[in-house]
Structures are given as structure tokens and as C-alpha cells.
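Chemist: Before I ask anything, here is the structure I am working with.
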Amino acid sequence: MKIGINGSGLLARPELGALVADIEKAEQSGVGSYWLAQTGLVDALTTFAVAGARTSTIELGTAVVPTWPRHPQALAAQALTTQAATGGRVVLGIGLAHQPSVEDRWKLTWEKPIRHMLDYLGVLEDLLATGKASYQGEVWSFEGEAPRPTDNPPAIMLAALGDQMLRIAGRRTEGTILWCVGPRTLERQIVPRINEAAAGADRSAPRVICSLPVWVTDRPDEARAIVAKTLTIYGELPSYRAMLDIEGVDGPADIALIGSEDEVGEGLAALAAAGATDFTAVIQGFDDDEQNRAWQLLTAGG
């Protein structure tokens, strides 16, 4: 299982210099990838374009860009530009987001989400691959052609939890990007369904990227209480609630990797055994020492 860093926790107090420095630190530490959510007023792909000039090897992935508020042609243009700026190191993770965000924040209508994603990919895939698309969909459409800044398109991955989205991810993309999913859910839900879909489409085995909070600490009960409070919403959103029910836990704090180095290491091993191909850590800590302990654990094999 490949280890990466999910720097989305830094978005709570966004500062471009700090984000770029964190990406540099990850590369220098030997981790293979760095991931950012597209949320708030920080643009993940633009951040990666800036970081591309300061790094040379680390994979840079969006986890994830919501599709509802951005036309696939606009996203294709930005993703191709960032891919050119980084020398071909971008993974374009996309996802539907959630009905409350779509309706309450963006004031859009949540309807036919599966059709929405199929149409989105119908435009996005062709534009990334060839610079040309002729697609008339029910939700998204595009007709046009333009030169691309690179002929090396980024890989597409999909945030997928339910059966239908996992089938799309396996048949159409390089894999799935997960959040708040534990080993039992990987083994029973995610991995078998996406692998079956990929095999049925004669595609290679997909990547399954798991992301959880990592907190190496001697105060696990306090840490878990903080994570439980911070991530309350993920125990309430229907798509995540369904995965937590499969896992048999009350909330995300119950599957976060919290405790001693040995305990966190055991958690990582369980995810790998359940079929995760990649793990990206959202590093937590009461102080710099605890965060450094997590970094050291994660990069020990780098």
C-alpha cells in the first residue's frame, strides 16, 4: 500500500505558502502523493500548479473536485493546464458532493446524480484525451475542439461508495478516492464491487485510495473525542452513514487511526489487507511533536 498525505486539514486556515511548503515537505520525506480537497475558496488545482514549480516527483491529486458547480469543459481546461505545469503529475479526482451542499450552498437542484456523473464523464474524458468532444447529454453537453497545453492527460478517479458509483468508477476511471471508510467496508463493499466492474470492462485493477485522520498520541481518548466532534457531519450524510453502518461503528472517530505508533501501524496494515492500494493521511496532533511522530511513522518505509 502506497502512502500519501492528505493536506486538506490545512484548508481550515488557508495560506498558499503553507500549502506549498507542506507539499514540498511531503516530497522531501519520501511519500508518494499529496491530496487536497476542493472546498471553500482555495482552488486545489491552482495550488498544485504553484507547487509544481517547487517539486519534481510527488503525485498531486484532487480529493475531490465537486462536479455540480463546474462545467466539465472548464474543469478539463484547468486540469490540463495544471498537468502541463506539473510535468504530468496530476490525478483528477472528482465527485458528486452531497445534496445539502448542492441545494443549500450552491442553490442548484439535486436530481439524477448517476445521470449527472455519466454525462460529466462523457464530456470530460474526451476533452482530456483528445481536446475534442461532441456529446449531447441529459445534464451536461458540449460541442467543440481546442488545442491542449499537454497531450498527457491526467488520470481521472471518482469518489464512489454506493454500488452504482463504484460500477462507474471501475468501468470508466482509474479507481476510487475514499474518505471515512474502514477495513470492513473496504473488504465487503468497496473492493469487490469496483474490481468486478473493472474486470468486466477489461480494465486493469483500479486504485482504491483510502483517507483517514492519523493521530499518533499518548492521549487517544481526548484525540478521539476531538475527531468525533470535528467529523460529526460525516456520520449524518446518508452516503457516509451507509458505509459506517457496514463498518459497524457509530461515527468516523471509531475508524480514525489514533493511538501509539504500534496501534496506528496495525490500522494501516488492516487497510492494506482489506484491499486499499493507497492510504493518504490527514495528520493530526496536539502539538508539533505528535505531528512529527505521525510523519515519522508514515515515512518510515519511504
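Chemist: Along the positive direction of the dipole of the chain (beta-carbon charges: Lys, Arg +1; Asp, Glu -1; about the Cα centre), which of Leu118, Ile226, Gly162 reaches farthest?
Modeler: Of the options given, the answer is Leu118.
Chemist: To the nearest 20 debye, what charge dipole does the chain have about its Cα centre, counting +1 at the Cβ of each Lys and Arg and -1 at the Cβ of each Asp and Glu?
Modeler: Working: 25 positive and 38 negative charges, 167 e Å.
Result for the chain is approximately 800 debye, rounded to the nearest 20.
Chemist: Measure nothing fancy, just the Cα-based angle from helix 220-230's long axis to the longest principal axis of the chain, in degrees from 0 to 90, nearest 10.
Modeler: The two axes meet at around 30 degrees.
Chemist: Whole Å is fine, so just give me how far the alpha carbon centre of the stretch 219-285 lies from that of the stretch 90-130.
Modeler: A separation of 26 Å, based on Cα centres.
Chemist: Mind sorting Val249, Val102 by how few other Cβ atoms lie within 10 Å of their own Cβ, fewest first? Could you put the intermediate results ahead of the total?
Modeler: Numbers: Val249 17, Val102 21.
Listing Val249, Val102 from fewest to most nearby Cβ atoms yields Val249, Val102.
Chemist: Let me ask something additional. Using the number of other C-beta atoms within 10 angstrom as an exposure proxy, rank Arg89, Arg172, Arg70 with the fewest first.
Modeler: Details: Arg89 22, Arg172 18, Arg70 15.
By the 10 Å Cβ count, ascending, the order reads Arg70, Arg172, Arg89.
Chemist: Something else: What nm value, rounded to one decimal, do you get for the distance between Lys112 and Ala199 when each label is placed 7 Å out toward the C-beta?
Modeler: The modelled label-to-label distance comes out at 3.3 nm.
Chemist: Helix 163-172 versus the longest principal axis of the chain: what angle, 0 to 90°, nearest 10, using Cα atoms?
Modeler: 60
Chemist: Suppose every Lys and Arg Cβ carries +1 and every Asp and Glu Cβ carries -1, with no other charges. What dipole size does the stretch 35-117 come out with about its Cα centre, to the nearest 20 debye?
Modeler: Working: 7 positive and 5 negative charges, 20 e Å.
For the stretch 35-117, the charge dipole is close to 100 debye.
Chemist: Hey, what does the equivalent ellipsoid look like for the stretch 1-123, semi-axes from the Cα gyration tensor as sqrt of 5 times each eigenvalue, largest first, whole Å? Before the final figure, lay out the partial values.
Modeler: On the way: eigenvalues 142, 50, 32 Å².
Rounded to whole Å, the semi-axes are 27, 16, 13.
Chemist: Please compute the Cα-Cα pair-distance distribution of the chain with 20 Å bins starting at 0, giving whole percents from short to long.
Modeler: It works out to 34, 60, 6, in whole percents.
Chemist: On full extension of the chain, what length is gained from Thr232 through Glu145, given 0.36 nm per residue of separation minus the C-alpha to C-alpha distance? Let's see the in-between values first.
Modeler: Working: separation 87, 0.36 × 87 = 31.32 nm, distance 4.43 nm.
Once the chain is fully extended between Thr232 and Glu145, it gains 26.9 nm.
Chemist: Restricting the calculation to Cα positions, tell me the Rg (one decimal) and the Dmax (whole number) of the stretch 71-122 in Å.
Modeler: My reading of the Cα-based Rg and Dmax gives 13.4, 38 Å.
Chemist: In the chain, what % of DSSP beta bridges are antiparallel (nearest 5)?
Modeler: Working: 6 of 38 bridges.
The answer is about 15 percent antiparallel.
Chemist: Can you tell me the length gained on complete extension of the stretch Asp288 to Ala155, counting 0.36 nm per residue apart and subtracting the Cα distance? Before the final figure, lay out each step's value.
Modeler: Numbers: separation 133, 0.36 × 133 = 47.88 nm, distance 3.45 nm.
Here the segment from Asp288 to Ala155 would lengthen by 44.4 nm.
Chemist: Which three numbers, in whole Å and largest first, are the semi-axes of the equivalent ellipsoid of the stretch 168-302 derived from its Cα gyration tensor as √(5λ)?
Modeler: Numbers: eigenvalues 151, 62, 24 Å².
Three semi-axes, in Å: 28, 18, 11.
Chemist: Right, next: Quick one: what are the phi-derived ³J(HN,Hα) couplings along the stretch 194-205, Karplus 6.51/-1.76/1.60 with θ = phi - 60°, whole Hz, x for glycine and proline?
Modeler: Values per residue, Gly and Pro as x: 6, 5, 4, 5, 5, 5, x, 9, 6, 9, 5, 4 Hz.
Chemist: Using Cβ counts within 10 Å as a stand-in for footprinting exposure, how do Phe286, Phe48, Phe279, Phe142 rank, fewest first? Write out the running numbers ahead of the final one.
Modeler: On the way: Phe286 14, Phe48 28, Phe279 25, Phe142 20.
By the 10 Å Cβ count, ascending, the order reads Phe286, Phe142, Phe279, Phe48.
Chemist: Note the angle between two axes, namely the Cα long axis of helix 113-130 and the longest principal axis of the Cα atoms of the chain, as a number of degrees from 0 to 90, rounded to the nearest 10.
Modeler: Helix 113-130 sits at roughly 70 degrees to that axis.
Chemist: Seen from all sides and averaged, what is the projected area of the convex hull of the Cα atoms in the stretch 249-302, in nm²? Write down the numbers at each step before the final one.
Modeler: Details: hull surface 17.0 nm².
Its Cα hull, projected and averaged over all orientations, spans 4.2 nm².
Chemist: Okay, moving on. Can you give the Kirkwood hydrodynamic radius of the stretch 131-191 from its Cα pairs, in Å with one decimal? Don't skip to the answer; put the middle values down first.
Modeler: Details: mean 1/r = 0.0711 Å⁻¹.
With all distinct Cα pairs of the stretch 131-191 included, I get 14.1 Å.
Chemist: Here is a follow-up. Give the calculated FRET efficiency between Glu263 and Ser29 to the nearest 0.05, with a Förster radius of 30 Å applied to their Cβ-Cβ distance. If you can, show how the numbers build up before the last one.
Modeler: On the way: r = 21 Å, r/R0 = 0.71.
Between Glu263 and Ser29 the formula returns 0.90.
Chemist: Take the alpha-carbon centre of the stretch 141-216, take the same for the stretch 1-46, and report the distance between them in whole Å.
Modeler: About 20 Å separates the Cα centre of the stretch 141-216 from the one of the stretch 1-46.
No lab work stands behind these numbers, since they all come straight from the coordinates. The model shown is predicted, which means the values in this text are computed figures rather than measured ones. Positions of Cβ are backbone-derived with ideal geometry, glycine not excepted, and every protein chain shown enters the neighbour counts.
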